[in-house]
Amino acid sequence: MIQVDIETSPQATDPRFATDVYSSRINELVFDSLVRLDNHGRFEPHLAESYERRGAEQIVFHMRHSVRFSDGREVTARDIKFTFDSILDPANASPKRGALMHIKSIDAPDDYTVVMATDGPYAPALTSAMQEIVPVGTPLPGKSGSVAPAGAGPFRMVSFHRDESVVLERNPYYRATADSPRMILFKVVPDPTVRALELTEGICDFSENNIQPEVLPYLSTQPQLKIIKSPGTSYRYVAFNFNDPRLRDARVRRAIAYAIDRDAIVNSMMLGTARVASGLLSPQNWAYDGDVAKYPFDPAKSRELLEQAGYSVGADNMRNLRFIYKTTPEQLRFATALQAMLKRVGIELDIRSNEFATFYSDVQHGNFDLMSLQWVGFSDPDHYYSIFDSKMMPPIGMNRGHYSNPEMDRLLDAGRTTLDVDARRKIYGQVQQLAADELPYVSLWWDDIVIVMNRDLSGFEPTPSGSLRSLATVRIAPPENPN
Amino acid sequence: MTGYIVRRIAAVIPVAIGVATLTFLIIHLVPGDPVVAMLGDTAPQADIEGMRHRLGLDRPLPEQFVSFLCGLLHGDLGESITFRRSVSSLISERYPATLELAGAGMLVAIAIAFPLGFIAGAKPGGAGDVASMGFAIAGISIPHIYLGPLLMIVFSLDLRWLPLTGRGGFAHLVLPAITLGTALAAILARMLRQSLITVRESDYMRTALSKGLTPRAALLRHGLRNSLTSVVTLIGLQIGGLLSGALITEIIFSWPGLGRLLISAINLRDYPLVEGCVLTFAMTYVVVNLLTDLTYAFIDPRVRYS
């Protein structure tokens, strides 16, 4: 058995309702979907054997035969239809409904064919096909006596104790090699020091992105542990509130970008566990374009831009901004560093820290000048639409800074309705350039995937998204023979 | 005494209503939206409004409050918005773990405090007093967040005597209970010492000594019992500190108690669950203090309830 330490408890064991990180990570091991992402953010068939676009508004999936849920039932197109229909039914109040609203219908003309129709040309439709599938008739959470629905993934969930542990056991109907793990225990260990201690003592075998960077050098000296670091896609940024006339001036936003020494933050605060970001999309994304405006640390240029914008040092008309963030030790350190850096160019940053719900309410209501958050788990560049399109301002979208640019809107509309991949790549190249010029966000860094694991485990392949799917194929070295 | 108990139990009702009112107002007035936390900010506005209506959150606050109070009077704490299960079932899953931890912490505190307090109070200024009060100062000064990992390193990792984290048998309880009970032990030991020093000057102690009892025997037989009233009062008052300390200890030792459920509920603005958890903590405090008051009669037969 492998023990994996996680910092918070998964919230939901039913993939129709699970949106938090650890539910998603664990559900990937229990459930399967029509398609999955490869390491470059490209789709590869899974429950589907192949798929094809039929016109601009339909995708037809041809399913594999003889794939079984962990209860022995065969996975058919009816299960796919049931899963999507139950998410889309407003009566069921699934938090995933919003992301699937573009789906007009899901049909199962026979047991092995699924037809997904969208309400117009919609390029990112395949992201919807990553939804994990449950069997027909699966009751809603709280209305079933079982731990979790049956899934077609490599494991089945045998126990779930909220805030304690989740135990997975091999799905008997899933192909597996002899030396791959039979069981995985996900143990909820909220304290970071205790997670590190459990790794040191061999109690925990595996942890991903939940060890404090300052502890990594010590763990790297432990002979029984190995540390794997690879590029990730989680993106940290500072957003501006465009409702503030001062921040509507691009020179002010650029001045702030030039004032932030991101290399120093990545090296000193993140201790090299992140890379300075040029935009939302990391180099691991198929649509990444790194040829965009960059803002290296340059306080002199920052002061010059502020002067040009009419905010001279010592004047009362600006130089006082409110920065909000969610209370975590890491965010506190970043906020303090940001405050010190902006002070060098004459900007007084008033930092306000709150627990997540209050912070999030302030973000939604625009009660900030600057705020910092992170995007995790997106795969398609259409995510730009949700955050920068002028139609997506709260409460209906995530353009929380109220950024509006008709050219950006045009490009984002084109990006989501253009089906040709090369044409989309060009469009999103323009989007990335425009975002870097206009700076609705100052890009900070992309987090690395940092895995600390027992040396006896081999074969784990990290993915940029942080998926733990590869745990299913990890090999455990047999104990050494004392003779 | 029966009349006293009935009156005290009756007094619990206004306390419960007061706590429920305060909790309801605070959690509803702080920023944050349970429906957005539940459905996400990509949810269609119609869904958000539909859910708000279904949960009754679109009704005026006074109406929501009356509905909450009516449910409470019928013993119904409502349904958790996040977990889609009854609040009482969620609390009943977690409450035993918290009670177990708090109870064990209290036992550890008493087991440490009484010998230390007695040694210190028996001979003020002596070596035992200095050592005991040194421990007391250290116990109060070391925060749970430091003491817990320190105990883990020594007893779980170096000596391998006890499990590191989680809830299981007796062995799992030892380190969290010591972590939780140490600070309280220090406070109780100081209080007992002070009471014993005061009691030593009493007439009945002088009488006991003049009858030929040794100072230690006089203190044990007569002084200790008379000192207990103030210590027991302190135990009752400290239960609140013990429960809030349990919250931190639960995090350090991955203990699946009510405190962690309450933190999740606050973060998700799960109103019914927050109200249920806070009410449970408050009622625990009230009941423990009632039991404390009733204990006085057993400690000191002169105490009469009227």
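Observations
- Simple spin-label estimate for A:Asp110 and A:Ser146 in nanometres, 7 Å along Cα-Cβ: 2.8 nm
- Across peptide A:162-170, the mean count of Cβ atoms from other chains lying within 10 Å of each residue's own Cβ comes to 4.
- Value of relative contact order over chain A, rounded to a whole percent, pairs C-alpha under 8 Å and six or more apart: 20 percent
- According to the Kirkwood relation over distinct C-alpha pairs, the hydrodynamic radius of chain A is 24.2 Å.
- Table column - 3J(HN,Hα) (Hz), region B:165-171, Karplus curve with 6.51, -1.76, 1.60, x for Gly and Pro: 9, x, 10, x, x, 4, 4
- Dmax and Rg, reported as Rg then Dmax, of region A:380-483 (C-alpha, Å): 21.1, 74
- The DSSP beta bridges internal to region A:235-447 are antiparallel in roughly 60% of cases.
- In percent, rounded to a whole number, the relative contact order of region A:235-447 is 35, using alpha-carbon pairs under 8 Å and six or more apart.
- Two-decimal Rg/Rh across region A:32-128, once Rg and the Kirkwood Rh are taken from alpha-carbon atoms: 0.95
- Temperature 10 °C, viscosity 1.306 mPa s: under these conditions the Stokes-Einstein estimate for region A:235-447, based on its Kirkwood radius over C-alpha pairs, is 91 µm² per second.
- Here region A:32-128 is assigned +1 on the Cβ of each Lys and Arg and -1 on the Cβ of each Asp and Glu. Its dipole about the Cα centre then comes out at about 200 debye.
- Taking every residue in B:36-49 and counting other chain Cβ atoms within 10 Å of its Cβ, the average works out to 6.
- Chain B: relative contact order in percent, alpha carbon pairs under 8 Å with at least 6 residues between: 27 percent
- Under the convention that each Lys and Arg Cβ holds +1 and each Asp and Glu Cβ holds -1, the size of the dipole of the protein assembly as shown around its Cα centre is about 2480 debye.
- Global form of region A:180-308, assessed from the alpha-carbon gyration tensor, a/c cut-off 1.5: prolate
- Centroid-to-centroid separation of region A:38-75 and region A:324-341 [C-alpha atoms, Å]: 44 Å
- When chain B is reduced to its Cα atoms, the Kirkwood hydrodynamic radius in Å: 22.2 Å
- Listed residue pairs exceeding 25 Å between alpha carbons, taken from A:Lys96/A:Lys226; A:Lys301/A:Lys391; A:Lys96/A:Lys426; A:Lys187/A:Lys229: A:Lys96/A:Lys226; A:Lys301/A:Lys391; A:Lys96/A:Lys426
- More than 20 Å apart - percent of Cα-Cα pairs taken over region A:319-380: 29 percent
- Peptide packing: for B:257-268, A:281-292, A:370-381, the average count of neighbouring Cβ atoms within 10 Å per residue gives the ranking B:257-268, A:370-381, A:281-292, highest mean first.
- DSSP beta bridge pairing in the protein assembly as shown, given as percent antiparallel to the nearest 5: 80 percent
- Charge dipole of the protein assembly as shown about the Cα centre (unit charges at C-beta), most positive-ward option of A:Tyr112, B:Leu294, A:Val376: B:Leu294
- Note on region A:235-447: dipole from Cβ charges, positive end direction compared against A:Tyr258, A:Gln284, A:Phe240; the farthest Cα belongs to A:Tyr258.
- Take each residue of peptide A:11-22, count the partner chain Cβ atoms within 10 Å of its Cβ, and average: the result is 1.
Here, each number is a calculation from the coordinates, and none is a lab measurement. Values in this document were obtained by computation on a predicted structure and should not be read as measured data. Note that each Cβ is placed from the backbone with ideal geometry, even for glycine, and that neighbours are counted across all protein chains shown.
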